[in-house]
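Novice: Have a look at this one before I ask anything.
The values are calculated or read from the model by the stated rules, or taken from the named source; none is laboratory data. All values reported here derive from a predicted model rather than from experimental measurement. When we count neighbours, we look across all protein chains shown, and the Cβ atoms used for this are built from the backbone with ideal geometry, even at glycine.
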Amino acid sequence: MAGETKARTLGRLEAALLRRLAEEQRTTLSVGRDRVLLESLTPAYAMLLSRMAEKGVLISLGVGRYVVSSWAGDSLAQAAPFNVLLDATLRPYGDYYLGFLSALIEHRLTDEDSWEVYVALREDGTFKGKQLRIDERPVIVTRITGVQRWVGLEHVRATRRERYWRSTLERTLVDSLYRPRLSGGIELIAGAWARAARRPDFDPVAVCRYARAVSVAVARRSGFMLSRLDHHDAAVEHLGDLRGQRNRVLLDLSLSYGEEPWSRDTEWGVTVNVPERALTGWLAQ
Amino acid sequence: MIRFPKTEVIEARARALQVPLPVIVRDLARIVEILNLREQGFFDKDTVLAGGMAMRTYGSQRLTIYDADLSTRAVTAPSQIEGLLTYTSPDIEIRPAPLLPTSDQGNVWKSDPVEFEPLWLTVPIEENERRFKVDLASYGRLEDGKERPLTDPYELGLWSGHAPSVMMMRLEEIAAEKTLGWCAHRLYKHLADLAFIGERLHDRIDHQLLRKLTADKLEIMRELQPNIYQDLRSLADVIAALESPGPITPAQQRGIRFLRNPYTPEQVIRIVRERYVPLLKP
């Protein structure tokens with residue numbers, strides 16, 4: 001809800017700062033990134049920012065990050081799109097990307113939506129918790145280990161000048177087999193693969209590349225899914241050397257349907273631990 | 001069209017329901033689009049609103065967020081319909097993508113994305129959230145539509161008087177489509193909708209018509225998608241699939257949202273077995 005509108009009398013320095021941000025069409029401000037600008041206005045910039053936050057023309061996101069409020073008393077949602085807030089909040093912690101169920105939704109691979117937001121940070125990210133909140137929405141944080149896994153990301157436009165990091169469509173699919181519990185579960189994941197495979201911009205080669213970067217098990221699951229969705233040739237060409245392995249790889253790592261004597265796909269060595277009738281139906285959406 | 005709610009009011013509802021604000025705004029844009037089509041005389045007994053948006057007019061509380069499903073048995077020119085989907089007002093602008101066929105048989109058309117500009121809002125919404133999809137199916141419609149008033153799912157005061165009415169797919173026909181939707185595709189949302197019909201609407205269902213529509217649609221679908229329907233040979237197979245739905249996973253449960261009165265999977269399975277399946281039996 002918008003708070004009560006406050007009287008908005010701006011000092012010279014406050015007006016100058018807002019003007020600079022407006023010229024750059026920005027809605028966020030970071031003490032770390034904008035220190036030179038702030039120091040050029042006043043060495044006492046901390047006091048300036050604090051005063052502006054009190055007046056409601058800046059909304060604090062914590063750790064020296066602010067959102068510019070076009071009208072004093074704006075709520076966070078009125079000040080900036082959610083992903084601008086997300087970027088402003090997460091960037092101080094290091095590299096991040098919006099992924100998993102949130103990226104499946106953004107890529108329109110599901111009709112569902114989620115109040116929770118899912119993001120990945122590098123293992124050396126300075127945020128140590130598992131969850132934070134932005135504008136009341138829970139942000140679920142997972143960590144990605146290994147530099148080779150930090151692939152398949154895109155810098156997406158949120159406003160004319162502001163961007164945020166998100167997994168590409170193909171990386172999002174690969175992540176769904178890597179961290180299925182963060183990706184809405186196997187019904188949603190299978191439906192997402194089916195939708196993606198029909199899209200003209202779908203790149204099965206990129207899927208193979210990212211899957212291989214993540215892990216052999218994920219690559220074998222991806223090979224299985226591509227084969228079920230009429231991209232068998234691409235799967236064999238780019239992941240073919242991983243076929244025929246004997247160790248057990250489960251299709252659904254979240255074990256949604258429990259332990260049963262499930263059938264095994266002999267080509268990819270993937271144990272199809274979901275009911276075949278259901279999988280066929282999901283993939284035919 | 002509708003009374004466009006103030007941004008602050010939508011924000012408050014979004015927080016109370018824990019539904020992202022752009023989802024509610026998108027839903028309002030879909031409602032405007034439906035009313036726009038109604039104003040232009042698009043709906044009649046042959047051309048109706050279907051799917052989740054139609055289910056809402058029967059009281060369903062399941063959150064449906066992206067598609068507007070239309071169904072027609074009239075011969076239609078897609079290029080004309082594309083023109084009808086365009087809407088401009090001081091509060092909102094709606095611009096459809098070209099209507100394109102999505103099936104080999106050419107009997108399903110979609111406009112994706114339909115983009116909209118929510119001019120009445122004072123909140124910025126990202127471009128990829130200002131979109132929805134319109135599907136137009138021209139196969140398998142068997143019954144005349146019925147006029148029903150639209151609902152105001154988030155209680156935002158959308159209507160100044162009575163809610164406007166739109167031609168909807170008949171309840172029995174919606175139920176028949178959802179029955180096959182579950183049996184063929186195993187999408188839990190369809191099973192949950194059948195539980196709602198079985199519990200709340202069973203006395204409105206014409207049993208004989210439901211059985212006939214389910215059997216007739218099964219025959220049509222077996223012809224259109226033989227691979228998917230190969231183990232659904234008769235109404236008896238359909239009933240068996242409803243009686244033994246198999247386990248519903250926690251993720252499937254989390255995947256569908258009810259604005260109010262949610263069902264648990266145990267309730268869904270029990271209600272379908274005890275209240276809905278009997279409607280399909282002679």
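Novice: Here are some residues: A:Y96, A:Y66. Which one is more than 14 Å from chain B (Cβ to nearest Cβ) and out of contact with any Ser or Thr (no Cβ under 6 Å at 6 or more places or on another chain)? Working first, answer last.
Specialist: Numbers: A:Y66 fails: out of contact with any Ser or Thr (no Cβ under 6 Å at 6 or more places or on another chain).
Just a single option satisfies the conditions, and that option is A:Y96.
Novice: Right, another one. For the range B:85-131, list the strands (runs of 3 or more DSSP E) that sit wholly inside it and hold at least 2 residues that are within 20 Å of the chain's Cα centre (by Cα) and within 12 Å of chain A (Cβ to nearest Cβ); which are they? Walk me through it before giving the result.
Specialist: On the way: elements: B:92-96, B:99-101, B:108-118.
Strands (runs of 3 or more DSSP E) meeting the threshold: B:108-118.
Novice: Could you please find all residues in the range A:9-45 being assigned to a loop (DSSP other than H, G, I, E, B), among the β-branched types (V, I, T) and within 30 Å of the chain's Cα centre (by Cα)?
Specialist: Matches in the range A:9-45: A:T27, A:V31.
Novice: Hey, another quick one. Looking at the structure I just gave you, is A:S215 of a type in the set (S, T, N, Q) and within 15 Å of A:A190 (Cβ to Cβ)?
Specialist: no
Novice: Among B:V25, B:V32, which is over 22 Å from B:N261 (Cα atoms), in a helix (DSSP H, G or I) and either within 12 Å of chain A (Cβ to nearest Cβ) or in contact with a His (Cβ under 9 Å, 6 or more places away or on another chain) (or both)?
Specialist: On the way: B:V32 fails: either within 12 Å of chain A (Cβ to nearest Cβ) or in contact with a His (Cβ under 9 Å, 6 or more places away or on another chain) (or both).
Going through B:V25, B:V32 in turn, the sole match is B:V25.
Novice: Quick one: which residue in A:G223, A:G240, A:G191, A:G244 is in contact (Cβ under 8 Å) with a residue 40 or more places away in the chain, more than 14 Å from chain B (Cβ to nearest Cβ) and of a type in the set (G, A, S)? It would help to see each step written out before you state the result.
Specialist: Details: A:G240 fails: in contact (Cβ under 8 Å) with a residue 40 or more places away in the chain; A:G191 fails: more than 14 Å from chain B (Cβ to nearest Cβ); A:G244 fails: in contact (Cβ under 8 Å) with a residue 40 or more places away in the chain.
Being in contact (Cβ under 8 Å) with a residue 40 or more places away in the chain, more than 14 Å from chain B (Cβ to nearest Cβ) and of a type in the set (G, A, S) holds for just one of A:G223, A:G240, A:G191, A:G244, which is A:G223.
Novice: Please give the number of the condition B:I81 fails out of (1) surrounded by 18 or more Cβ atoms within 10 Å (Cβ to Cβ); (2) over 20 Å from the mean Cα position of the chain (by Cα); (3) hydrophobic (A, V, I, L, M, F, W, C); (4) modelled with pLDDT under 95.
Specialist: (2)
To keep it simple, each residue is scored yes or no on (1) on the phi > 0 side of the Ramachandran plot; (2) modelled with pLDDT of 90 or more.
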| site | (1), (2) |
| --- | --- |
| B:N128 | no, no |
| B:W159 | no, yes |
| B:R186 | yes, yes |
| B:L194 | no, yes |
| B:G198 | no, yes |
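Novice: Based on what the data block shows, is B:I81 over 20 Å from B:A175 (Cα atoms), within 14 Å of another protein chain (Cβ to nearest Cβ) and not in a loop (DSSP other than H, G, I, E, B)?
Specialist: Taking the combined requirement at face value, the residue does not satisfy it.
Novice: Scanning the range A:143-162 for residues that are loosely packed, with under 13 Cβ neighbours inside 10 Å and more than 30 Å from B:V123 (Cβ to Cβ), which turns out nearest to the other protein chains (Cβ to nearest Cβ)?
Specialist: Applying the filter and picking the extreme gives A:T145.
Novice: Of all residues in the range A:123-158 being charged (D, E, K, R) and modelled with pLDDT of 95 or more, which is nearest to the chain's Cα centre (by Cα)?
Specialist: Per the criteria, the residue is A:E154.
Novice: For B:D91, state whether it is surrounded by fewer than 20 Cβ atoms within 10 Å (Cβ to Cβ) and either more than 30 Å from B:I205 (Cα to Cα) or among the hydrophobic types (A, V, I, L, M, F, W, C) (or both).
Specialist: yes
Novice: Against the conditions (1) loosely packed, with under 15 Cβ neighbours inside 10 Å; (2) under 17 Å from A:L169 (Cα atoms); (3) touching a Gly at 6+ places or on another chain (Cβ under 8 Å), where does A:N247 fall short? Just the number, please.
Specialist: Every condition holds for A:N247 apart from (2).
Novice: Give me the residue from the range A:250-261 that is more than 10 Å from chain B (Cβ to nearest Cβ) and either buried (at least 18 other Cβ atoms within 10 Å of the Cβ) or within 11 Å of A:A217 (Cα to Cα) (or both) and, out of that set, farthest from the chain's Cα centre (by Cα).
Specialist: The initial filter retains those residues of the range A:250-261 that are more than 10 Å from chain B (Cβ to nearest Cβ), namely A:250-251, A:253, A:259-261.
Applying the additional criterion that residues be either buried (at least 18 other Cβ atoms within 10 Å of the Cβ) or within 11 Å of A:A217 (Cα to Cα) (or both) yields A:250-251, A:253.
Working: A:L250: 25, A:L251: 23, A:L253: 20 Å.
That would be A:L250.
Novice: On to the next question. Report yes if A:V151 is in a strand (DSSP E or B) and either under 30 Å from A:S60 (Cβ atoms) or among the hydrophobic types (A, V, I, L, M, F, W, C) (or both), otherwise no.
Specialist: No; evaluated as a whole, the condition is false for this residue.
Novice: Right, here's the next one. Which of the numbered conditions does B:R131 fail, given that it passes all the others? Conditions: (1) out of contact with any Pro (no Cβ under 7 Å at 6 or more places or on another chain); (2) closer than 21 Å to B:L37 by Cα.
Specialist: (1)
Novice: With (1) among the aliphatic types (A, V, I, L, M); (2) under 21 Å from B:D46 (Cα atoms); (3) buried (at least 22 other Cβ atoms within 10 Å of the Cβ); (4) modelled with pLDDT of 95 or more as the list, and B:V134 as the residue in question, which single condition is left unmet?
Specialist: Among (1) among the aliphatic types (A, V, I, L, M); (2) under 21 Å from B:D46 (Cα atoms); (3) buried (at least 22 other Cβ atoms within 10 Å of the Cβ); (4) modelled with pLDDT of 95 or more, the lone unmet condition for B:V134 is (4).
Novice: Now, a different point. When you check B:D216 against the structure, is it outside the structural domain of B:T151 (by TED's automatic domain parsing), assigned to a helix (DSSP H, G or I) and over 22 Å from the mean Cα position of the chain (by Cα), yes or no?
Specialist: So B:D216 does not fit the description; no.
Novice: Any residue at all in the range A:66-77 that is outside the structural domain of A:G125 (by TED's automatic domain parsing), at pLDDT 85 or above and farther than 20 Å from A:A15 by Cβ?
Specialist: no
Novice: Also, quick follow-up: Scan A:R195, A:R166, A:R209, A:R181 and give me the residue that is out of contact with any helix residue (DSSP H, G or I) (no Cβ under 6 Å at 6 or more places or on another chain), among the charged types (D, E, K, R) and either over 27 Å from A:Q245 (Cα atoms) or in a strand (DSSP E or B) (or both).
Specialist: So the residue among A:R195, A:R166, A:R209, A:R181 that is out of contact with any helix residue (DSSP H, G or I) (no Cβ under 6 Å at 6 or more places or on another chain), among the charged types (D, E, K, R) and either over 27 Å from A:Q245 (Cα atoms) or in a strand (DSSP E or B) (or both) is A:R195.
Novice: Using the structure shown, decide if A:S176 is more than 14 Å from chain B (Cβ to nearest Cβ), assigned to a helix (DSSP H, G or I), closer than 30 Å to A:I140 by Cα and hydroxyl-bearing (S, T, Y).
Specialist: Working: more than 14 Å from chain B (Cβ to nearest Cβ): no; assigned to a helix (DSSP H, G or I): yes; closer than 30 Å to A:I140 by Cα: yes; hydroxyl-bearing (S, T, Y): yes.
Here the answer is no, as A:S176 does not meet what is asked.
Novice: Among the numbered conditions (1) under 14 Å from B:L150 (Cα atoms); (2) touching a Pro at 6+ places or on another chain (Cβ under 9 Å); (3) at pLDDT 95 or above, tell me where B:F4 comes up short.
Specialist: Tallying (1) under 14 Å from B:L150 (Cα atoms); (2) touching a Pro at 6+ places or on another chain (Cβ under 9 Å); (3) at pLDDT 95 or above, B:F4 fails exactly one: (1).
Novice: Just one of the numbered conditions (1) surrounded by fewer than 16 Cβ atoms within 10 Å (Cβ to Cβ); (2) free of Cβ contacts under 8 Å to residues at least 24 places away in the same chain is not true of B:E155; which one?
Specialist: Unmet for B:E155, out of (1) surrounded by fewer than 16 Cβ atoms within 10 Å (Cβ to Cβ); (2) free of Cβ contacts under 8 Å to residues at least 24 places away in the same chain: (2).
Residue-wise test of (1) within 30 Å of A:E116 (Cα to Cα); (2) touching a helix residue (DSSP H, G or I) at 6+ places or on another chain (Cβ under 9 Å); (3) outside any helix (DSSP H, G or I).
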residue	(1), (2), (3)
B:E199	no, yes, no
B:R211	no, yes, no
B:I220	no, no, no
B:A241	no, yes, no
B:I248	yes, yes, yes
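Novice: Looking for whichever is modelled with pLDDT of 95 or more and charged (D, E, K, R) here; the options are A:R248, A:R221. Which one fits?
Specialist: Testing whether each residue is modelled with pLDDT of 95 or more and charged (D, E, K, R) leaves just A:R221.
Novice: Name the single residue, out of those in the range B:199-236 being in contact (Cβ under 8 Å) with a residue 24 or more places away in the chain and more than 26 Å from B:R73 (Cβ to Cβ), that is surrounded by the most Cβ atoms within 10 Å (Cβ to Cβ).
Specialist: B:E199
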